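Peer 1: Would you mind keeping the following structure in view while I ask a few things?
The values are calculated or read from the model by the stated rules, or taken from the named source; none is laboratory data. In this text the structure is predicted, and so the values were computed from the model without any measurement. Every residue, glycine among them, receives a Cβ derived from its backbone with ideal geometry; neighbour counts consider all protein chains shown.
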Amino acid sequence: MQLDYGVARAWRGLMGMILLLGLTALGAVSASAQQAAAGTPEAAVQAVITQSNAEAAQAIAAGDPTVMRDTSTDAYYQQVVALLTQMLANPVNGGVTSATLDDLTWGPTTINGATATATTFESWSFGFADGSTMQTGRERNVYTLVQQGGAWKVQADDHPDE
């Protein structure tokens, strides 16, 4: 299957925000020793990333990104909307129809006042309207979160190794 590299890269960025919540409940996602202990501020940051990943998968399945608004800053949400629109309409393969987080391992999570960073290592599978599929390799995501109105929100999802 031919997939535009820029679209695939952007999609992986979006996927860095997807599906972990549901897969964690099913036991399908691995966790490293750096997963935060329950009840800690770091666990709250990781929970937002987990929720945003699940919401992104839901947004892809429904073709509606509005479910992601609660875990994203306004600026990041606008980036996600633009990316999702591009991914759903990709003319190369008819657009993305599904995403599955195959593996997630937590790296360090740090908090500095009202800003947090968390590193994950993620692998994803994607389905396309033409029936083709694509799997990513293990990729490092570095999330930046900020506190807004007393809640953590994803501000950025960077891929420093690309």
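Peer 1: Right, Ala99: surrounded by 17 or more Cβ atoms within 10 Å (Cβ to Cβ) and under 24 Å from Ala38 (Cβ atoms) or not? Break it down stepwise before answering.
Peer 2: Working: surrounded by 17 or more Cβ atoms within 10 Å (Cβ to Cβ): yes; under 24 Å from Ala38 (Cβ atoms): no.
Taking the combined requirement at face value, the residue does not satisfy it.
Peer 1: Then there is this: Within the group Thr117, Thr105, Thr85, which residue is over 28 Å from Ala36 (Cα atoms) and β-branched (Val, Ile, Thr)?
Peer 2: Residue meeting the stated conditions: Thr85.
Peer 1: When both residues are 6+ apart or on different chains and their Cβ atoms are under 7 Å apart, which pairs have a first residue that lies in the range 46-71 and is within 16 Å of Trp152 (Cα to Cα), and a second that is aromatic (Phe, Trp, Tyr) and modelled with pLDDT of 90 or more?
Peer 2: Correct list of pairs: Gln46/Trp106; Val48/Trp152; Ile49/Tyr143; Met68/Tyr77; Arg69/Tyr77.
Peer 1: Would you list the strands (runs of 3 or more DSSP E) that sit entirely within the range 72-137 and hold 3 or more residues that are at pLDDT 95 or above?
Peer 2: Output list reads 96-112, 115-128.
Peer 1: Can you name every residue in the range 58-71 that is among the aliphatic types (A, V, I, L, M) and either buried (at least 18 other Cβ atoms within 10 Å of the Cβ) or in a strand (DSSP E or B) (or both)?
Peer 2: Those that are among the aliphatic types (A, V, I, L, M) and either buried (at least 18 other Cβ atoms within 10 Å of the Cβ) or in a strand (DSSP E or B) (or both): Ala59, Ile60, Met68.
Peer 1: Right, here's the next one. Which one of these is farther than 22 Å from Tyr77 by Cβ and surrounded by fewer than 20 Cβ atoms within 10 Å (Cβ to Cβ): Gln147, Gln135?
Peer 2: Gln135
Peer 1: Then there's this: When the range 72-90 is examined, which residues are found to be touching a residue at least 24 places away in the same chain (Cβ under 8 Å) and farther than 28 Å from Gly150 by Cβ?
Peer 2: Across the range 72-90, the qualifying residues are Gln86, Met87, Leu88, Asn90.
Peer 1: Name every residue in the range 138-151 that is within 25 Å of Arg69 (Cβ to Cβ) and part of a loop (DSSP other than H, G, I, E, B), in order of residue number.
Peer 2: Across the range 138-151, the qualifying residues are Gly149, Gly150.
Peer 1: Right, another one. Among the residues of the range 116-138 satisfying the criterion of being among the charged types (D, E, K, R) and in contact with a strand residue (DSSP E or B) (Cβ under 6 Å, 6 or more places away or on another chain), which is farthest from Leu104 (Cα to Cα)?
Peer 2: My answer is Arg138.
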